[in-house]
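Asker: Below is a structure I'd like to ask you about.
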Amino acid sequence: MKRSLTVPLTALAPVSWGTTYAVTTTFLPPDRPLFTALLRALPAGLLLLALTRMLPRGRWWWRSVVLGTLNIGAFFPLLFVSAYRLPGGMAAVVGSVQPLFVVGLSALLLGQRPALRTLATGVVAALGVSLVVLQGTGTLDVVGVLAAVASTASMAAGTVLTKRWGRPDGVGPLALTGWQLTAGGLLIAPLAVLAEGAPPALDARAVGGYLYLALANTAVAYWLWFRGIGRLTATQVAFLGPLSPLTAAVVGWAALGQVLAPLQVAGMALAFGATLAGQLGGGASRPSSSTGSFSSTEKTARKDSMDLMDPGLRR
């Protein structure tokens, strides 16, 4: 697969995540955020484990648990808590500062000194998202704000550690994604049972919605995301994050009848411009022992693509 396609393919992940709100509110049972998070993560993880038929070995058992917790198990519940407790799109605004978190953590863990242009681009991205999603004022809930900050920091730390640790030789991003989704889903399962009780009754619309979230929105999207982390800098990947609230705004306008004000359109232009600017000058990362970059080659990437289509091709 051509390296020039890495950015647009990775961008499909946050674009897919931007459809989550519309699918959740249109097709799924209300007030079941942890159950929804569980059905997004665990079935997708088990499916990828079945496709790749590979389990972690050695230190990758605990690394998979750490990454699965940061990227999935802690991120999903914290994100839902913040979304339910904060007014308007405040949770999305807090989430839009993730590139700045990634820049800081990359300096600490990867030894990458942040450029002034990168910091300025991160501020512009957050400003643009703010203009898009903030539709009113309200009393800010302290727990909601802390949950939003924690979810953003969790995903940022997971992105940087995924970059630092890479993956074992001979293991593709498809298997790595399965490990993390399974670990995260197993972490969410007891929380969902304790907080929400027995699963709700599901009709055909809900089943279809959950299938979409588990397959396209999670299994495929996170595979593309972790694949992108292996080929781009952590900062480049993080700057694709604002595409999620932008997609949510467009889907709300196109499918849910929501109106976009001129100021929101201006904010979309700012955030999208910052996303593009975040891809300039970074280039694709190269493997190095100091950063733990992915060691996969183009041949491995082709194998992973075939694995996704036909699990019988490998074993």
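The values are calculated or read from the model by the stated rules, or taken from the named source; none is laboratory data. Every value quoted in this text rests on a predicted model; they were computed, and no experiment measured them. Reconstructed Cβ throughout: ideal geometry from the backbone, glycine too, with neighbour counts over all protein chains shown. Surface areas here come from the heavy atoms of the whole protein model, side chains and all, with no ligands, DNA or RNA. Shrake-Rupley method; radii C 1.70, N 1.55, O 1.52, S 1.80 Å.
Asker: So how much slack lies between Thr25 and Leu127, counting 0.36 nm per residue of separation and subtracting their Cα-Cα distance, in nm?
Answerer: This chain segment gains 34.1 nm when fully extended.
Asker: Starting from 0.36 nm per residue, how many nanometres of slack lie between Val145 and Leu260 once their C-alpha separation is accounted for?
Answerer: Gain in length upon complete extension: 38.9 nm.
Asker: Would you mind classifying the range 227-280 by shape? Square roots of the alpha carbon gyration tensor eigenvalues, ordered a ≥ b ≥ c; an a/c under 1.5 is rounded, otherwise it is prolate if a/b is larger than b/c and oblate if not.
Answerer: oblate
Asker: Based on the Cβ-Cβ distance of Leu108 and Ala201, what FRET efficiency does E = 1/(1 + (r/R0)^6) give at R0 = 35 Å, to the nearest 0.05?
Answerer: Here the calculated transfer efficiency is 0.15.
Asker: Give me the percent of accessible area attributable to carbon and sulfur for the range 138-277, probe 1.4 angstrom.
Answerer: Of all accessible area on the range 138-277, carbon and sulfur atoms account for 75 percent.
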